[in-house]
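To start, the structure under review is shown below, and the notes come after it.
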Amino acid sequence: MQALAGRLRVMYRVHAQGGALPVILSGDDPVTRAVAVRHLASLAALDARLIQEYRVTSERLADRKGREEAQQRELASLHEEAKQEQAEVDREAAKRRTQAKQRKLAKVPPPKGGIEPPAVGFGTLKGRLPWPTEGRIVTGFGAQVHPRFGTRTFRNGVDIEAAVGRDVSAVHAGHVIYTGWFKGYGNLIIVDHGNEYYTLYAHVAEIEAKEGEDVRQGQRIGTVGDTGSLAGPRLYFEVRYQGKPQDPEQWLRQGG
């Protein structure tokens, strides 16, 4: 911007004095005139390239800012959901201590929306995604009843029981927008697949993907662990569209 501003000021002063061509063309020496004209053409080409580079850079910065703002909104949404789920668990525990003989189940409805994801890009792979790790689903998606306390909760993803250290792979190509510890998830990886599709991988032992990098389908992004898990080694896996959780079993291909 500084370079462009400086050039524009010089161009304005030249124009205010009647422009450069009258001065150049008034000379008698044709060689000097030709050299001057060629020099002026080179300056004009440089100015044009400078303006074009400024425009491209500005457009790229605006696009990057828009994508980063969308990712920040998604992370804020996930954080708020985690806080709400933890608060719900705390309220249930307190109520059961004081009302052991008169328990009242707290129902948590599934997220609203009912939006049917579009069949484009990631959306064309419903029922055909590779599994993020080798294992079996031990806790499904949706409404769950605690086997001991009888409390009802809604799970946004599935638990895949797997051995510690087993590979965790990206189910589809995408852009890693978050890696790190997240309350209730342990070590968490979030991949943006475009068209508002996201996948989440939690309880990871070793995070190998780097935040901000692009990953390919099947690329190893971490290993199975039990960080943030109260039930032992497993991979917690979510599929989201527009921030709304989808049933991962409907997206993963049958047979593992």
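The order of the peptides 78-84, 56-62 by mean Cβ neighbours within 10 Å, most packed first, is 78-84, 56-62. Answer rounded, prolate or oblate for segment 105-251, using the Cα gyration tensor with square roots of eigenvalues a ≥ b ≥ c: rounded when a/c is under 1.5, else prolate when a/b is larger than b/c, else oblate. Judged from the Cα gyration tensor, segment 105-251 comes out oblate (a/c at least 1.5, b/c at or above a/b).
Counting 0.36 nm for each residue step from L61 to Q144 and taking away their Cα separation leaves a gain of 25.4 nm. Here the extension length gained between V164 and E211 equals 14.6 nm, from 0.36 nm per residue of separation less the Cα-Cα distance. Summarising the amide proton neighbourhood of Q217: residues at separation of 5 or more, or on other chains, whose placed amide H is nearer than 5 Å comprise A173.
All of the numbers you see were taken from the coordinates with simple rules; none came from a lab. Keep in mind the model is a prediction, meaning the values are calculated, not measured. No Cβ is skipped: glycine too gets one built from the backbone with ideal geometry, and neighbour counts run over all protein chains shown.
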